[in-house]
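Trainee: Quick one: this structure, given as structure tokens, is what I'll be asking you about.
A short reminder: the numbers here are calculations on the coordinates, not readings from a lab. Computed from a prediction, not measured in an experiment: that's the story for all the values here. As a convention, Cβ positions derive from the backbone with ideal geometry for all residues, glycine included, and neighbour counts pool all protein chains shown.
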Amino acid sequence: MRKHLIWASATLAFTLTAVSACGGSPSSTTSPASNCVNPTAVHRAYVVVQHADASRQLQKCVGFAGDTIDGQSLMDQSGVEYQTQTFSFGKAVCQVDNEPAQFSKCFADTGPNWSLFVETNGAWAPAQTGYTQVTLHDKEAVGWRYTADASPAPPPLPKEQR
């Protein structure tokens, strides 16, 4: 059970926000800086989403005034649709940007789940915590990848918006 929770945490760390269902429509990958939420803010952070169909990608930018922004605020302010479920270990992401379109369980026994990555200094790393515990600085990002791979590759790096 503990081994499963550790694996689930890694996958959940990738997704540690159990998402429940419903959602928005997928968008194209990059948008101009004018599309950044709070475009005049001093700092920017990004949400990058890589769907199971690799041609479906999404990037959102959020401007913020403080030194950091937490993962929960970044997701909420980005406008990216996501759903979570709460478990004894915390939240886990079940759906991002309307994928999957529907689900009865947050974590599929077989098939794809969401994995979370954190980008700093131009490189992705698998998240070691859930998205709600992530803290980002200027030009950093969270990345979501929907895949059945046990060791998923990260999504594409964000394209910085000026």
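Trainee: In whole Hz, what ³J(HN,Hα) sequence does the stretch 109-119 give by Karplus (6.51, -1.76, 1.60; θ = phi - 60°), x for Gly and Pro?
Mentor: 5, 9, x, x, 9, 7, 10, 10, 10, 10, 9
Trainee: Taking neighbour counts of Cβ atoms within 10 Å as a proxy for exposure, in what order, fewest first, do 138, 70, 149 appear?
Mentor: Ascending number of Cβ neighbours within 10 Å: 149, 138, 70.
Trainee: Quick query: amide H of residue 38 versus all other amide H atoms, modeled in the peptide plane; which residues come in under 5 Å with a sequence gap of 5 or more or a different chain?
Mentor: Placed amide hydrogens put 63 under 5 Å from residue 38.
Trainee: So, one more: Go through the stretch 37-46 residue by residue and turn each phi into a ³J(HN,Hα) via Karplus (6.51, -1.76, 1.60, θ = phi - 60°); whole Hz please, and just put x for glycine and proline.
Mentor: 5, 6, x, 8, 5, 5, 10, 9, 9, 10
Trainee: Residue-wise, which Karplus ³J(HN,Hα) couplings in Hz belong to the stretch 51-61, taking 6.51 cos²θ - 1.76 cosθ + 1.60, θ = phi - 60°, and x for glycine or proline?
Mentor: Once rounded to whole Hz, the list reads 6, 4, 7, 4, 6, 9, 10, 9, 9, 10, 10.
Trainee: Here's something else I'd like to know. Which FRET efficiency value, to the nearest 0.05, is calculated for residue 53 and residue 105 with the Förster distance at 22 angstrom and r the Cβ-Cβ distance?
Mentor: 0.55
Trainee: Residue separation times 0.36 nm, minus the C-alpha to C-alpha distance between residue 38 and residue 132: what's the value?
Mentor: Contour length minus Cα-Cα distance gives 31.8 nm.
Trainee: Also, quick follow-up: Return the aspartates and glutamates within reach of residue 60: Cα separation strictly under 18 angstrom, same-chain partners fewer than 8 residues apart disregarded; answer none if there are no such residues.
Mentor: 70, 76, 81, 97, 99, 119, 138, 140, 160
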